[in-house]
Amino acid sequence: MSLSMKPARPCTLPTATTHTTSHAQHLSIRCCTLTEPAVRPLKLSIEDQPFNTWDPLHYDPTPFLFNSKSVRLGNRWMDYQGIQNWEGLLDPLDDNLRAEILRYGSFVEAAYRSFNFDSSSPAYGACRYPKRTLLDRSGLYQTGYRLSRHLRATSGIRLPSWAEMAPSWVATKSTWIGYVAVCQDKEEIARLGRRDVVIALRGTATGLEWLENFRATLSPLPNAPSKPTHDDSEPMVETGFLSLYTSGTDEEPSLQEMVREEIARLLQTYGDEPLSITITGHSLGAALATLTAYDIKTTFKRSPMVTVMSFGGPRVGNRSFRCQLEKQGTKVLRIVNSDDLITKIPGFVLEEEAEVSKDRNVYVAGLPNWIQKRVEDTQWVYAEVGRELRLRSRSCPYLKSLNVATCHDLKTYLHLVNYS
């Protein structure tokens, strides 16, 4: 399937079905979004949709946003942002939290719908809509939020000189990856209990982003806030994710620089009122959301509450990185589909939560401590971060098929959250 204005499938690791067509400018790739030019709100409620024929390619999650408008968070907003690590809200899933998860997922869906996937277009990799109309034209009406900045990510991979002649999906280094939006509606601010800043990030879309995904060894975080002790390794994160977050060009600042500049401006404007920063993303966007949250809390010492709502995210960093997130007070809620392969990579994890002590050390039965330490210090040992909301595609009777693409699709995640 060429990357024209047709519905695309969720992003997955390349398989035998991924191939180039006879036309050099097109690539058959499974991406995690719909690329329709416009989306109309459904007239039917979610309950009225015929789920016996449900297919994520034709599933519209935007009504979730409208259903959540009846939820008034008020003074409890910090509970739903994870101030108590969502204790008592996940099993069973609290209805108000469910509505908030779906609302933030809809912001990510808007990022997908706004991305130009047409590799034959001169505007490939750009945002299709201006800030003023992006939410409306991507199907999110009357959110109360207003876009304040577009965000771009740049790959740090150096291409050979001949790559300049390659198709755009191969050679494009810097692409639009999401946006910052600020709640400006007084009624919505009152309903939420504070002014909310949303950073929404899409998943993998370009050839260089795929290559960055495969750079799965761990790299030290630059300017880590504290030195590791003799019992700890230094904070490290996946090399490709770090590259996409920190790389820039002479013409384009890095994603990190854009986020810091915009957050600094917003804190100066709204810092004297109740404020939250919610970073949400799917797949690659979920990984970048975690790095963004870490960077905001590290850079701005008096930052407001920072929460990550991640959908189908891969692992990001090692145990020391997780400890740094916990120490700085960053709250991460990972929505995970047990049948989604992407959530099980990269690297491997040595511990189960039940086997981790209060100091979060790694224990492997039967191994001496010095061997455990050597294994943990390798560049392939990751650690899960935050709290987990675990879902399962196979428990849903409405899915038409169970494959890698369907299980990773953002719309599958929203459907599972809505009916969990």
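To the nearest 10 Å², what's Arg265's accessible area with a 1.4 Å probe?
110
Could you tell me which of the pairs Lys173/Lys301; Lys327/Lys411; Lys186/Lys411; Lys131/Lys411; Lys173/Lys327 are separated by over 27 angstrom between their Cα atoms in the structure shown?
In this structure, Lys173/Lys301; Lys327/Lys411; Lys186/Lys411; Lys173/Lys327 lie more than 27 Å apart at Cα.
Send over the semi-axes of region 71-131's equivalent ellipsoid, whole angstrom and largest first, taken as the square roots of 5 times the C-alpha gyration tensor eigenvalues.
In descending order, the three semi-axes are 36, 12, 9 Å.
What nm distance separates the two modelled labels at Arg302 and Leu211, each placed 7 Å from Cα along Cα→Cβ?
4.4
Go ahead and collect, in residue order, the members of region 119-140 whose backbone nitrogen is under 19 Å from a label point 7 Å along the Cα-Cβ direction of Glu188.
Flagged as within label range: 129-140.
Would you rank Ser338, Ser276 by solvent-accessible area, highest first, keeping every protein chain in place and using a 1.4 Å probe?
Numbers: Ser338 25, Ser276 0 Å².
The most accessible residue leads, giving Ser338, Ser276.
Give me the number: length gained by fully extending Ser121 to Gln142, i.e. 0.36 nm times residue separation minus the C-alpha to C-alpha distance, one decimal in nm.
Extending this stretch completely gives an extra 4.5 nm.
The values are calculated or read from the model by the stated rules, or taken from the named source; none is laboratory data. Fair warning: this is a prediction, and the values are worked out from it, not measured in the lab. Positions of Cβ are backbone-derived with ideal geometry, glycine not excepted, and every protein chain shown enters the neighbour counts. These accessible areas exclude ligands, DNA and RNA; they are computed on the full protein's heavy atoms, side chains included. Shrake-Rupley method; radii C 1.70, N 1.55, O 1.52, S 1.80 Å.
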